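Student: The structure that follows is given in the form of structure tokens.
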Amino acid sequence: MKKVSIIIISILIFIGVLVLSIGLGSVSIPVREIIEFIFNEGDIINKSIIMDIRLPRVLIAVIVGANLATSGALLQSVMQNPLADPGIIGVSSGASLAAISVMLLKPEYTYLVPLFAFLGGIFATFLIYILAWKDGIKPVRIILSGVAINAMLGGATSLISVLNSDKIQGVIMWVNGSVSGRSWNDLKMILPYSIVGLLLSFFCIRPANVLLLGDEKAVNLGLNVNRSRILLSILAAFLAGISTSVVGIIGFIGLIIPHISRLLIGSDYKYLLPFSMIGGATMLLLADTFARTIAKPIELPVGTIMAVIGGPFFLYLLRKGGK
């Protein structure tokens, strides 16, 4: 009952942050106007701002936040380590390299960016497992391989950006991770993939819980450990890849949110997974609202804000965990 109450409270907080995010920006819209918008009333200019600018941006932030938090939660189960995150171990870098290659080298195929981003994330995951495989897969080898792959693919992305510096201005906000300027078309592009990925994640609850017990106990409970790790990693790469294709690399949500969720609600993925989805959506909404109001009328990339928040948190976990 306590866990259900925490989830209900988190939903109420999420709704409050959602309203706050719609109202704040270069033009502030009072809550009364937002309520009137729901009932198709109010000032026509504010209705246009909400409908054409704020609402698609806010909904994309909600979806991407939920995707990245779920991806991080699954990867932390796979690697039995709270330091796992799609941005840290290279999955997001693979998706980013594929997406930016299409946008800069073959812009006529921009509509295929989500597919290529997913394939890039899968390719990075494949490389990580190839490097980590040695008489089976051990979580610590996956993390170390992921850090190396992240550095390599990040370097390749920087190289392509430098070689195409004449075109980079058009995607500079995307490179740094941003929800700015996202439209209903972007929402239509990411929504179907996200629904499929988030629904599939609920089928991962049992293997994710069993993997946390350790390889030996998981095998004794009848779980094919290596196959489960690969399948969960593919789903995590899918969620991270489609998110990266729309907003660029936004790190640390997959690291911070699952960790906070465990502190509040425990490690059972039956509760941890939905709570992480809500937490990820709330966190990215808050970060994006901060990014577009702290230096208005200039908008900062939300990926930069998350890096400022997430970097110290990562060091805290590293120092606290020791291992």
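Student: Going by the conditions given, is ALA295 at pLDDT 85 or above and at negative phi?
Tutor: Values: at pLDDT 85 or above: no; at negative phi: yes.
Answer is no for this residue.
Student: Hey, another quick one. Can you find, within segment 115-129, the residue that is farthest from ARG229 (Cα to Cα) among those that are modelled with pLDDT under 85 and surrounded by fewer than 24 Cβ atoms within 10 Å (Cβ to Cβ)?
Tutor: Taking the candidates together, the pick is LEU115.
Student: For segment 261-276, enumerate the residues that are without any contact (Cβ under 8 Å) to a residue 12 or more places away in the chain and part of a loop (DSSP other than H, G, I, E, B). Give the steps one after another, and end with the answer.
Tutor: Filtering segment 261-276 for residues without any contact (Cβ under 8 Å) to a residue 12 or more places away in the chain gives 263.
The answer is none; no residue qualifies.
Student: For segment 130-230, please list each of the helices (runs of 4 or more DSSP H) lying entirely inside it that holds at least 3 residues being touching a residue at least 60 places away in the same chain (Cβ under 8 Å) and not polar (S, T, N, Q). Break it down stepwise before answering.
Tutor: Numbers: elements: 139-163, 172-175, 184-202, 205-211, 215-220.
Hits in segment 130-230: 139-163, 172-175, 184-202, 205-211.
Student: Looking at (1) surrounded by fewer than 23 Cβ atoms within 10 Å (Cβ to Cβ); (2) in contact with a Gly (Cβ under 8 Å, 6 or more places away or on another chain), can you tell me which one SER261 breaks?
Tutor: Exception for SER261: condition (1).
Student: List every residue pair whose Cβ atoms sit under 7 Å apart, with the two residues 6 or more apart in sequence or on different chains, where the first one lies in segment 298-315 and is more than 19 Å from LEU83 (Cα to Cα) and touching a residue at least 40 places away in the same chain (Cβ under 8 Å) and the second, anywhere, is among the charged types (D, E, K, R) and surrounded by 15 or more Cβ atoms within 10 Å (Cβ to Cβ).
Tutor: Correct list of pairs: GLU299/ARG292; VAL302/ASP288.
Student: Sticking with this one: Only one of (1) over 14 Å from the mean Cα position of the chain (by Cα); (2) closer than 19 Å to ARG182 by Cα is not met by ASN40, so which one is it?
Tutor: Only one criterion in (1) over 14 Å from the mean Cα position of the chain (by Cα); (2) closer than 19 Å to ARG182 by Cα is unmet by ASN40, namely (2).
Student: Which of the residues spanning segment 13-26 are part of a loop (DSSP other than H, G, I, E, B) and either at pLDDT 90 or above or surrounded by 13 or more Cβ atoms within 10 Å (Cβ to Cβ) (or both)?
Tutor: Kept after step one, since they are part of a loop (DSSP other than H, G, I, E, B), are these residues of segment 13-26: 24-26.
Those that are part of a loop (DSSP other than H, G, I, E, B) and either at pLDDT 90 or above or surrounded by 13 or more Cβ atoms within 10 Å (Cβ to Cβ) (or both): LEU24, GLY25.
Student: Mind checking whether some residue in segment 84-92 is free of Cβ contacts under 8 Å to residues at least 60 places away in the same chain, among the acidic types (Asp, Glu) and touching a Gly at 6+ places or on another chain (Cβ under 7 Å)?
Tutor: Just the residues of segment 84-92 that are free of Cβ contacts under 8 Å to residues at least 60 places away in the same chain, to begin with: none.
Within segment 84-92 (the criterion being free of Cβ contacts under 8 Å to residues at least 60 places away in the same chain, among the acidic types (Asp, Glu) and touching a Gly at 6+ places or on another chain (Cβ under 7 Å)), the answer is no, since none of the residues qualifies.
Student: Does ALA291 satisfy being within 29 Å of ASP135 (Cα to Cα) and crowded, with 20+ Cβ neighbours inside 10 Å? Explain how you work it out, then say what you get.
Tutor: Values: within 29 Å of ASP135 (Cα to Cα): no; crowded, with 20+ Cβ neighbours inside 10 Å: yes.
No, not satisfied.
The values are calculated or read from the model by the stated rules, or taken from the named source; none is laboratory data. Computed from a prediction, not measured in an experiment: that's the story for all the values here. Positions of Cβ are generated from backbone atoms using ideal geometry, with glycine treated the same way; all protein chains shown enter the neighbour counts.
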